[in-house]
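Peer 1: I have a structure I would like to understand better, so I am pasting it below and will then ask my questions one at a time.
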């Protein structure tokens, strides 16, 4: 019986080796794809979180800088603050610097709907308007602050009661209360892979109570 050449490789062994190599290559490629997708998801989450922090910061700086300076509103001269459940407009010294050159500004936060341009929006305007500040609707020349944001809701508090409880109201009018609110609660949802995620925070208004008591 002739001796087998130890250096030889049979066709079956070659096929098996190529099959194993293909399986290894496929596993490596799948792992690389999963790693890339995971990195991209992580980067997207990081970007969204940074955008959300920036938006909350803009809300906070603007509301904390709400100014009780009396300006002409209709037939009266009073603090400008139009607090509604779905929007808020007020005079501030803390409007986003990217929108204006500094100084007092009227600012508005509201939910803008309609296709890909929807989300939580911000708009600003000069308080010295020919038609008067009360006629400013706060929506023209707006820009999106939180893309895709929705379910925006505001509530307003005059401050804690003697028992220490905070009462929250769906609207605020300085002409009725004689002052700015002590705090504003902001709520909205942001899109996420698992569905809309709720965000809520409270911003104190240092100037609250500065008008009429």
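The values are calculated or read from the model by the stated rules, or taken from the named source; none is laboratory data. Remember, it's a predicted structure, so these values are computed and weren't measured experimentally. When we count neighbours, we look across all protein chains shown, and the Cβ atoms used for this are built from the backbone with ideal geometry, even at glycine.
Peer 1: Scanning for something assigned to a loop (DSSP other than H, G, I, E, B) and touching a residue at least 40 places away in the same chain (Cβ under 8 Å), does the range 114-132 turn up at least one residue?
Peer 2: Residues of the range 114-132 assigned to a loop (DSSP other than H, G, I, E, B): 114, 118, 126-132.
Filter once more, keeping what is touching a residue at least 40 places away in the same chain (Cβ under 8 Å): 127, 132.
Looking through the range 114-132, at least one residue is assigned to a loop (DSSP other than H, G, I, E, B) and touching a residue at least 40 places away in the same chain (Cβ under 8 Å).
Peer 1: Could you check, for the range 86-106, whether at least one of its residues is under 19 Å from residue 53 (Cα atoms), at pLDDT 90 or above and touching a strand residue (DSSP E or B) at 6+ places or on another chain (Cβ under 7 Å)? Working first, answer last.
Peer 2: Quick first cut of the range 86-106, residues under 19 Å from residue 53 (Cα atoms) only: 94-99.
Among the residues that remain, those that are also at pLDDT 90 or above are: none.
No, every residue in the range 86-106 fails to be under 19 Å from residue 53 (Cα atoms), at pLDDT 90 or above and touching a strand residue (DSSP E or B) at 6+ places or on another chain (Cβ under 7 Å).
Peer 1: Starting from the range 17-44, take each residue that is closer than 30 Å to residue 192 by Cβ and list its partners that are modelled with pLDDT under 80, counting only C-beta distances under 8 angstrom and pairs at least six apart or across chains.
Peer 2: Filtered contacts from the range 17-44: 41/193.
Peer 1: So if I check each of 104, 91, 152, which one is crowded, with 21+ Cβ neighbours inside 10 Å and closer than 19 Å to residue 69 by Cβ?
Peer 2: Working: 104 fails: crowded, with 21+ Cβ neighbours inside 10 Å; 152 fails: closer than 19 Å to residue 69 by Cβ.
After ruling out the rest, the residue left standing is 91.
Peer 1: Just the residues that are assigned to a loop (DSSP other than H, G, I, E, B), in contact with a strand residue (DSSP E or B) (Cβ under 6 Å, 6 or more places away or on another chain) and modelled with pLDDT of 85 or more, please, taken from the range 68-84.
Peer 2: Across the range 68-84, the qualifying residue is only 80.
Peer 1: Would you tally the residues in the range 119-149 being on the phi > 0 side of the Ramachandran plot and crowded, with 20+ Cβ neighbours inside 10 Å?
Peer 2: Going through the range 119-149, the residues on the phi > 0 side of the Ramachandran plot turn out to be 119, 132, 138, 141, 148.
Imposing the further condition that a residue be crowded, with 20+ Cβ neighbours inside 10 Å reduces the set to 119, 138.
Summing the residues that are on the phi > 0 side of the Ramachandran plot and crowded, with 20+ Cβ neighbours inside 10 Å in the range 119-149 gives 2.
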